[in-house]
Every structure is written in C-alpha cells, then in structure tokens.
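Have a look at the structure below, then the notes.
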Amino acid sequence: MPRHARLLLASDLLCPDAALDDCLRQLAAHPVRTHVLHISDPAENTLPYSGRTEFSGLEDEPTLELPHVQSLRADYTNLVTARARWLEQTIGRTGHTLTRHQTDMAPLPTLLALHAR
C-alpha cells in the first residue's frame, strides 16, 4: 500500500476476536490510515423477536431454534454491549478509527462522516 494511503475496512465484524485483532495489528504496522466501518442490522443489536424463533445462517451454519427467544434478550444485550466496547478498545488501541452504521439508516450521513475524517 502506498505511504499515507487511506483504507476503509467495511464489515459486520462478526468474526473471531483473534482474527480481527490480528488483522488490525497488521494494518497498524503499515504507513496507512485505516477507518473501520462497522455495519449492523437493527435486529442484530436489539434481538426484537419473541416466542419460538428459528435462526438460519448464510454460511452453512446449522439452524438454531429457540423456544422463548425473548428470555435471552437481557443476556444478548449485555453481549452486544461488551462486543461494542471490545471493538472500540481494540480499534482505538491499534490507532484506527471506528464509525458505526445501522442498515435501517440512510448511508449518506455515514459516508459524509467518513469523508470528513
């Protein structure tokens, strides 16, 4: 990568912590400025479902059926909050910037914020 280049890493960041940490450390070793755009769906952040719910993955993961998914909401919220904190700390520690975008929002304000950085 050319010196003083800018790199945009846009992802849902749903990968193993160690893999993401390794990637961010490797990028920090180069003379580029990296901006991380965390893209999420509102349902990923709030778990708005109730009753019996079946989840299926897009990458050949097994189907998961939960009989009373709403009973997991508090624990799920704690996990989402902890993950967000970990992302902020890890991305900040490696010298990169973090911008969040939720898919129910218009992309233009997020793109303008990234451009301003």
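Each reported figure results from applying straightforward, stated rules to the coordinates on display, with no laboratory input. Only a predicted model underlies this, so the values are computations on that prediction, with no experimental measurement involved. Virtual Cβ from ideal backbone geometry, glycine too; neighbours counted across all protein chains shown.
At a glance:
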read-out	value
Ascending count of other beta-carbon atoms within 10 Å, so fewest first, for Ile91, Ile39	Ile39, Ile91
Coil-residue trypsin sites (Lys or Arg not before Pro) of the stretch 44-88, DSSP, other Cβ within 10 Å capped at 15	Arg52
Relative contact order (percent, whole number), the stretch 29-117, Cα cutoff 8 Å, 6+ residue spacing	39
Simple Cβ-charge dipole of the chain, Lys/Arg +1 and Asp/Glu -1, about Cα centre, in debye nearest 20	840
Label-point separation, Asp22 to Asp104 (7 Å along Cα→Cβ), nm	3.6
Length added when fully stretched, Leu112-Ser11, from 0.36 nm per residue minus Cα-Cα	34.6 nm
Charge dipole of the chain about the Cα centre (unit charges at C-beta), most positive-ward option of Met1, Gly51, Ser40	Met1
Zero-based 10 Å bins, Cα pair distances in the stretch 1-85, whole percents	14, 35, 29, 15, 6, 0
The stretch 40-117: chymotrypsin sites (Phe, Trp or Tyr not before Pro) in DSSP loop, at most 16 other beta carbons within 10 Å	Tyr49
Integer Hz, Karplus 6.51/-1.76/1.60 couplings in order for the stretch 98-106, x for Gly and Pro	10, 10, 10, 9, 9, 5, 8, 9, 5
Trypsin sites (Lys or Arg not before Pro) restricted to the stretch 1-39 and DSSP loop, no more than 15 other C-beta within 10 Å	Arg3
Ranking of Leu112, Leu7 by count of other Cβ atoms within 10 Å, fewest first	Leu112, Leu7
